Amino acid sequence: MPEYPFTAADLEALRAWDTPTICNALEIVVPHRRGHGFTLRQLVPASTALPPICGLARTGTIRAAAPSGRAKEVDRAARIGWYEYVAEAALPTVVVLQDLDDTPGTGAFWGEVNTNVHKAIGAQGCVTNGSIRDLDMLASGFQLIAGSVNPSHAYVHIVQYGQEVSVHGMACHHDAVVHADRHGAVVIPHDAVTKIPAAIELLSRREKVILDLCASRDFTVAALRDALAKADEIH
């Protein structure tokens, strides 16, 4: 098994914060990543009540608009191979699945059966530009962040897995750390994982100066200017 500069506990700790907060922290920890590494268009969460997910990426591609053209046995082998790939992880995973169809979401890969299967093999959820269905029958606690909701699975089939994919502008490779919630998703560099909590604590102290002033009767634009300068001096 690969070695990582973080533990399962480190990944679990990051689930305490929403994805925008993780993005804010990355601006401090890896400032050169400020303009990329996250989804760029709105995604649909299966549930707005579920907590964030954070784990190692298991990447793949699907199509659904037309049959695969392969024998049924080959399609079944590809599906089983995908499940084996997702299951072979020492830490919790997040599936990042790119729909390659000209109209992504023509057929839903995710519904009652696949959410339960993937939960059983260690995945916390999925980020996809494809579609989802069975919203009232999904595996408990399994989050889906998707491009759309669709009633049919059409001809959905696995194309490939383990390669780099792109979902709504977020490039993601196998074993990348992915954090996602109802706002979208972001890839966290491995060497940044353990640095994020301290960065969030710093940001919280800086923001508190501004927020306390906003709640004060002494708020003026001049006072805000001074508070912004004071916040910048906090390290």
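The values are calculated or read from the model by the stated rules, or taken from the named source; none is laboratory data. Everything numeric in this text was worked out from a predicted model, so none of it was measured. Reconstructed Cβ throughout: ideal geometry from the backbone, glycine too, with neighbour counts over all protein chains shown. The area values use the complete protein model at the heavy-atom level, side chains included, leaving out ligands, DNA and RNA. Shrake-Rupley method; radii C 1.70, N 1.55, O 1.52, S 1.80 Å.
Could you work out what % of the accessible surface of the chain is carbon and sulfur, using a 1.4 angstrom probe and leaving DNA, RNA and ligands out of the count? Mind dumping the intermediate values first?
Working: 6310 of 11720 Å².
Percent of accessible area from carbon and sulfur atoms in the chain: 54.
What share of Cα pairs, in percent, lie more than 20 angstrom apart in region 152-219?
Working: 1328 of 2278 pairs.
That fraction is 58 percent.
When only DSSP loop residues count, what chymotrypsin sites (Phe, Trp or Tyr not before Pro) in region 73-120 have their Cβ near at most 16 other Cβ atoms within 10 Å?
On the way: sites: 82, 83, 85, 109, 110; in loops: none.
Listed in order of number, the matching sites amount to none.
Starting from the residue with the highest accessible area, list 170, 137 in decreasing order, probe 1.4 Å.
Details: 170 0, 137 95 Å².
From most exposed to least exposed: 137, 170.
Below 29 Å, Cα to Cα, which lysines can residue 230 reach? Residues fewer than 8 away in the same chain don't count.
195, 208
Each label point is 7 Å from the Cα along the Cα-to-Cβ direction; what then is the distance between the points at residue 223 and residue 88, in nm?
It works out to 6.1 nm between the two label points.
I'd like the orientation of helix 19-29 relative to the chain: the angle between its Cα long axis and the longest Cα principal axis, in ° from 0 to 90, rounded to 10.
60
For region 118-235, restrict the atom set to alpha-carbon positions and state the Rg and Dmax in Å.
Rg then Dmax for region 118-235, in Å: 20.9, 62.
Quick one: Kirkwood hydrodynamic radius for region 54-170, alpha-carbon pairs, angstrom, one decimal?
On the way: mean 1/r = 0.0716 Å⁻¹.
Result for region 54-170 stands at 14.0 Å.
Return the single residue from 181, 75, 212 with maximal mean-square fluctuation; model: Gaussian network over the chain, springs between Cα atoms under 10 Å.
With Cα springs under 10 Å in the chain, the top fluctuation among 181, 75, 212 is at 212.
Any number yet on Rg/Rh for the chain, C-alpha, Kirkwood?
Details: Rg = 20.0 Å, Rh = 18.9 Å.
Rg/Rh: 1.06.
Quick one: how many Å² of residue 214 are accessible to a 1.4 Å probe, rounded to 10?
Solvent-accessible area, nearest 10 Å²: 80 Å².
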